[in-house]
1. Here are some residues: ASP65, ASP92. Which one is more than 30 Å from GLU351 (Cα to Cα), surrounded by 13 or more Cβ atoms within 10 Å (Cβ to Cβ), at pLDDT 95 or above and among the charged types (D, E, K, R)?
2. What is the one condition in (1) surrounded by 21 or more Cβ atoms within 10 Å (Cβ to Cβ); (2) within 26 Å of SER332 (Cβ to Cβ); (3) touching a helix residue (DSSP H, G or I) at 6+ places or on another chain (Cβ under 6 Å) that ALA429 does not satisfy?
3. Of everything in segment 47-106 that's of a type in the set (Asp, Glu) and under 24 Å from the mean Cα position of the chain (by Cα), which residue is nearest to GLY433 (Cα to Cα)?
4. Can you confirm whether ALA344 is assigned to a helix (DSSP H, G or I), over 21 Å from LEU160 (Cα atoms) and either touching a Cys at 6+ places or on another chain (Cβ under 7 Å) or modelled with pLDDT under 95 (or both)?
5. Using the structure shown, decide if GLY81 is at pLDDT below 95 and surrounded by fewer than 23 Cβ atoms within 10 Å (Cβ to Cβ).
6. Quick check: anything in segment 119-135 surrounded by fewer than 24 Cβ atoms within 10 Å (Cβ to Cβ), free of Cβ contacts under 8 Å to residues at least 40 places away in the same chain and not basic (Lys, Arg)?
7. Would segment 143-158 turn up any residue that is assigned by TED's automatic domain parsing to the domain that holds TRP97, touching a Ser or Thr at 6+ places or on another chain (Cβ under 6 Å) and either assigned to a helix (DSSP H, G or I) or not aliphatic (A, V, I, L, M) (or both)?
8. Counting just the residues of segment 196-233 that are in a helix (DSSP H, G or I) and farther than 21 Å from GLU45 by Cα, which one comes out farthest from the chain's Cα centre (by Cα)?
Amino acid sequence: MHQHDEENVERVSIEIDEVDAPDAFGIDEILSPDALAFVADLHLEFNARREALLAARVERQARIDGGEVPGFLAETAHIRGGDWQVAPTPEDLLQRWVEITGPVDRKMVINALNCGADVFMADFEDANSPTWENCVLGQQNLRDACRRVYELNEKTATLLVRPRGWHLLEKHMTVNDEEVSASLFDFGLYVFHNAEARAERGSSCYFYLPKLESHLEARLWRDVFAYAEDALGIEHGSFRATVLIETILGALEMEEILYELREYSAGLNAGRWDYIFSCIKKFRNDPTRLVPERAQVTMTTPFMRAYTERMIHVCHSHGAHAIGGMAAFIPSRRDEEVNRNAFAKVTVDKERESQDGCDGTWVAHPDLVPLVHEIFERNLNGKANQRERIRADVKVTAEEIIAIHVPGGTISEAGLRLNVDVSLQYINAWLVGNGAAAIYNLMEDAATAEISRSQIWQWIRHGAKLDDGRVINRELYEQIRDEELAKLGGSSADRYEEAGEILDELILTDEFVEFLTLIAYDYLD
């Protein structure tokens, strides 16, 4: 196991906050000097590159704002369609019919591993409110899971971990007075504590990587993996990563992203909700790319279908898994009609994904696991995956990917009001420490609020009209916000007033805020 260089310890100043939680027993081991020194090593080695890549995002956005039309990269044409394959898939990642996702609290970790899904994605990102307590206790929960400290079935879901995105910081740990990258913090603690235990069980550390916007950002992750394996004495090429294609710029470089991570790649995933948010965000100044209310943006909408079909073709052409999008429905314990309607919609969605060629898909609730498992088992004829289906018929162009348009799309007052309502409810839940909130029988994460607030911003900016002819403006938003806040009320534990402040800061501004978490994080302890 890695031991930090004593000379380097003396040259590096590491500061860490205490964890104030009733169940924090054992946290000293999670935040041990060696573990923190390993995270500090990652920070010192890679943070400058991370910051340069974030600066490149800003520069690219400025070019798009100035009228540049993004497309496939000329300099990487040799990679697209090239004759190369990703590394062989580990045995415990061959079958991924049903993947359940959720935050890293102890109850979720135990239930998800035991629910019969093939994969559990333990989420430090969009489904986790990144309070210091949640992030550190989450590491403890995963450490215990890797050692089967609590009651687990003999056969459990394969564990994948989603660290936070490159754009986020962990303010509770500083190295030489710099806040460390949240990505490197989440990744570093997990592999430091669990790489050896995972190897002893014939597995390794597997990841989902969020919000990548370019193959250069994937290259950074590749180098982080290689560095960590070397530092921890783990066989090179042991780690695996599935990349979420949840940005429109990432969709234009999905083949290059797969190529950069090819010795670590376990595939790509269609992160549908964040993808819609990214489409709005990247083309925010273009009035011809207005996106109607969220319910009308389905996976059969042309620009959504273009990117998902291309993802399947790209993955299977290079021996990687293609994983479908989220089924966010949370079954009702009281209304069977709601359940029947929702299960019918989930069935249609998952039948289409499996027949298109996806090797698996996401669900948010254990009750959906048997339904989706049966669909994929039947459509794949019991095979672990269908990577042999190359989908050579798919010929998606860059123009089709960026043709953001929903035929017949409209905006109703109810749709606008729902965006305000759900944003307020989700931001409130996030502020009180819950990043996966059940709202109207859907499991909502940060992507929900991102879509909702970005749509309102876009509609106001471009003077979009409701289907009754009214123009969406600041005054209409403020009226609806006040009405929805009054309806929500809340208990003494709620933070709706601050949720309203954050939503205003996101919407009533000329400059688009890249991520709501960049603002809201200041409100967390």
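1. Residue meeting the stated conditions: ASP65.
2. It is condition (3) that ALA429 fails.
3. Pass one, segment 47-106, residues of a type in the set (Asp, Glu): 51, 59, 65, 68, 75, 83, 91-92, 99, 105.
Still in the list and also under 24 Å from the mean Cα position of the chain (by Cα): 51, 59, 92, 99, 105.
On the way: GLU51: 28, GLU59: 34, ASP92: 32, GLU99: 24, ASP105: 11 Å.
Out of the qualifying residues, it is ASP105.
4. On the way: assigned to a helix (DSSP H, G or I): yes; over 21 Å from LEU160 (Cα atoms): yes; either touching a Cys at 6+ places or on another chain (Cβ under 7 Å) or modelled with pLDDT under 95 (or both): no.
Spelling it out, it is not the case that ALA344 is assigned to a helix (DSSP H, G or I), over 21 Å from LEU160 (Cα atoms) and either touching a Cys at 6+ places or on another chain (Cβ under 7 Å) or modelled with pLDDT under 95 (or both).
5. Here the answer is yes, as GLY81 does meet what is asked.
6. no
7. Applying the first criterion (assigned by TED's automatic domain parsing to the domain that holds TRP97) to segment 143-158 yields 143-158.
Next, from what is left, pick out any that are touching a Ser or Thr at 6+ places or on another chain (Cβ under 6 Å): none.
Within segment 143-158 (the criterion being assigned by TED's automatic domain parsing to the domain that holds TRP97, touching a Ser or Thr at 6+ places or on another chain (Cβ under 6 Å) and either assigned to a helix (DSSP H, G or I) or not aliphatic (A, V, I, L, M) (or both)), the answer is no, since none of the residues qualifies.
8. GLU200
The values are calculated or read from the model by the stated rules, or taken from the named source; none is laboratory data. Predicted model only: the values in this text are computed from it and were never measured. In this analysis, Cβ positions are derived from the backbone assuming ideal geometry, glycine residues included, and neighbour counts consider all displayed protein chains.
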